[in-house]
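**Student:** Mind having a look at this structure? Questions to follow.
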Amino acid sequence: MVTARRGKTATGGEDPTQPKGPRVLKKYPNRRLYDTQTSSYITLADVKKMVLEGEVFEVRDAKSGEELTRSILLQIILEEEMGGMPMFSTPLLAQIIRFYGHAMQGLMGAYLEKNLQAFGEMQARFAEQSKGAGFDPQLWSQFMSGQAPMMQGLMGNYLEQSKNLFLQMQEQFQSAGNIFPGMPGFPPQPPKK
């Protein structure tokens, strides 16, 4: 299920005109998506628009009821990567694939999720701060394209800090093996001479 903002009233309570629970999309065997809220068929472009607008929804198989939201979101990412300017390089995708089945798979997923969440929050704060400056999205895009080296430097510094934090965590994990020798999940201590 994709979660995001919900409609609120002026007093801060839930808007009674908003449906309770997530919006349900049903996927039929003919690959068509049916929106149960609007009682109409929709496309992946419509689902992408829902994601961009922060709509709460889930995709279910029309026959079995199986959860398919992740599959549909991956389809949207694939379409975006195939057209225009891809976000993921080939080496990055290969690295992600290498984490599947690895002991660090769960940690990697959480790490990516938290970093994307932090990046999204930074982006939202920056956009909010620049509202008063009269930047519209198109002007902002032009400005940012001219600032690519600066932004790459900022992102490089951010990633370096993330790497250092991860290395510190790894060192602490290894030293925990000395505190709890023989405990499952901790590296074994080297034999004493």
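**Student:** Taking the stated definitions as given, is PHE135 hydrophobic (A, V, I, L, M, F, W, C), at pLDDT below 75 and within 23 Å of LEU52 (Cα to Cα)?
**Tutor:** Criteria met by PHE135.
**Student:** Ok, one more. Does LYS20 satisfy being modelled with pLDDT of 95 or more and either over 28 Å from SER162 (Cβ atoms) or touching a Leu at 6+ places or on another chain (Cβ under 8 Å) (or both)?
**Tutor:** Criteria not met by LYS20.
**Student:** May I ask you to say which residue of THR38, THR3 is of a type in the set (Val, Ile, Thr), modelled with pLDDT of 85 or more, out of contact with any Cys (no Cβ under 8 Å at 6 or more places or on another chain) and loosely packed, with under 15 Cβ neighbours inside 10 Å?
**Tutor:** The match here is THR38.
**Student:** In the stretch 45-78, what residues are in contact with a Ser or Thr (Cβ under 6 Å, 6 or more places away or on another chain) and either exposed (fewer than 12 other Cβ atoms within 10 Å of the Cβ) or touching a residue at least 40 places away in the same chain (Cβ under 8 Å) (or both)?
**Tutor:** Across the stretch 45-78, the qualifying residues are VAL56, GLU58.
**Student:** Condition check: farther than 27 Å from ALA124 by Cβ, among the basic types (Lys, Arg) and under 23 Å from the mean Cα position of the chain (by Cα). Does ARG60 satisfy that?
**Tutor:** The answer is yes for ARG60.
**Student:** Conditions first: (1) surrounded by 10 or more Cβ atoms within 10 Å (Cβ to Cβ); (2) within 30 Å of ASP35 (Cα to Cα). GLY84 passes all but one, so which condition is the exception?
**Tutor:** Looking at each condition in turn, GLY84 falls short on (1).
The values are calculated or read from the model by the stated rules, or taken from the named source; none is laboratory data. Keep in mind the model is a prediction, meaning the values are calculated, not measured. Heads up, the Cβs are rebuilt from the backbone with ideal geometry, glycines too, and the neighbour counts pull from every protein chain shown.
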